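Comments concern the structure below.
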Amino acid sequence: EHNWSLLVQAVDHWHDASAALMRPFRHIPDWRTDDLMISFSVPGGGVGPHIDQYDVFIIQGTGQRRWRVGEKIPMKQHCPHPDLLQVGPFEPIIDELMVPGDILYIPPGFPHEGYSLENALNYSVGFRSPNGRELVSGFADYVLARELGSYRYSDPDIPEREHPATVLPQELNALQKMMLDLVQQPEHFQRWFGEFITQSRHELDIAPPEPPYQPGEVYELLQQGAALRRLNGLRVLCVAEQCFVNGECLDTPHRSAALALSEQLTFEGSVLGEGLEDPSFLAKLTVFINSGYWYFMD
C-alpha cells in the first residue's frame, strides 16, 4: 500500500481522452512532441531524484504529490536499479505540493523528484529533442541505405612532407569537407530529417481496415462528407515542401492537401482541394488508410 509507482508511456496512442490532453500544447511545434506518460503512485511512491534530458509539463490529476526541483548544475548520476538513473540529494529552488489541475514545467537538465502523499495520478506531456549522436547515426543510416557518398578521397597533387607518418591539416580539411558535403545537400538532408523525425518511438494502435479500401471507395466516401480521423500518436509533418507520415515521404504537388493531413486531426474531403481529384494523391491516401494511419469516423 506504500512506496510504489506505475509508469505507462504513450497513453495518448491508445486512449482518446488522453490524446485530447495533448492538444492544448500544440503551440509548441509538433516535431518536438513526444508522448503522454501517466503515472499512478500510492503514498510515498516515486522514482527518486533524477534528471531528464527533455522538456516536460507535469499535470496533477487526482490526489496530491509533492515536487522538488533543483538548480541546473553538473550532478553525478548513479543506477540503484537497472531501470533507474538517479542523482544525489539537491537543494530545491521549487518545493510545491501539487493538487488536481496544477501544472509544473521542468526544462531539460534540472534535477527533480516527486512523491505522492496519497493515491495520485500524474500526466507528463513530454517534448523530445534529438541529440547529436542520434542525428549523426540516423543520417548515416540514410546515407548507407541510399548508397550516397560513394566517391573517394582524391589528392592528385599530394604534397611531400618531411615526416611520412604525418597527416597534413589540408588533408584533414579535405576529408572533413567530404563528410560535410553529404549533410549540406538540402534535398537529402530535408528528406532524411522528415523520415527520421516522423518515426514514432512508441507502438501505435494500428488496426488496418478489413477488407482494404479501394481508391474509388475512399473518393466516394469523402465526396459524401465522411470525415477521416488521424490515428492517435501518428507523426505527420511538413519539412520544406514535402509531407512525411510515420517515416514515409508523401511526394505531392498539392501543398494545401499536405498541410491538411499534417495540421488537422480530423478532416473532410473538401479541405483536400485539388488533391482529392488527383488519382496519384488519392492512391497514396488510400495506402495510408489501409495502413491504419487514418480511419473513417462512424
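Here the label points at MET178 and ARG161, each 7 Å from Cα along the C-beta direction, are separated by 1.5 nm in the simple model.
Across LEU104, LEU180, LEU228, mean-square fluctuation computed from a Gaussian network of the chain (C-alpha pairs under 10 Å connected) peaks at LEU180. For the chain, the fraction of C-alpha pairs farther apart than 28 angstrom is 54 percent. Counting only DSSP H runs of at least 4 residues, each contributing -39500 (n - 2.57), and dividing by the residue count of the chain, the helix-based mean residue ellipticity at 222 nm comes to -7500 deg cm²/dmol.
Restriction of the chymotrypsin sites (Phe, Trp or Tyr not before Pro) in the stretch 148-192 to DSSP coil positions whose beta-carbon has at most 15 other beta-carbons within 10 angstrom yields TYR151, TYR153. A straight chain from LYS72 to GLN214 at 0.36 nm per residue would run longer than the Cα-Cα distance by 45.6 nm. Maximal additional length on extending the GLN224-ALA145 stretch stands at 24.2 nm, based on 0.36 nm per residue less the C-alpha distance.
How large is log10 of I(q)/I(0) for the stretch 1-50 at q = 0.24, 0.25, 0.27 Å⁻¹ when the intensity is taken from the Debye formula with one equal scatterer per alpha-carbon? Log-scaled intensity ratios, in q order: -0.89, -0.92, -0.97. From least to most packed, judged by other beta carbons within 10 angstrom and beginning with the fewest, CYS79, CYS243 follow the order CYS79, CYS243. In this rough spin-label picture, where each label sits 7 Å from Cα along the Cβ direction, the TYR54-PHE189 distance is 2.5 nm. Take the Cα of GLU241, step 7 Å toward its Cβ, do the same at ASN3, and the gap between the two points is 6.3 nm.
Where a number appears in this text, it was derived from the coordinates with a stated rule and is not lab data. All of these numbers come straight from a predicted model, not from anything done at the bench. Glycine gets a Cβ as well: all are built from the backbone with ideal geometry, and neighbour counts include every protein chain shown.
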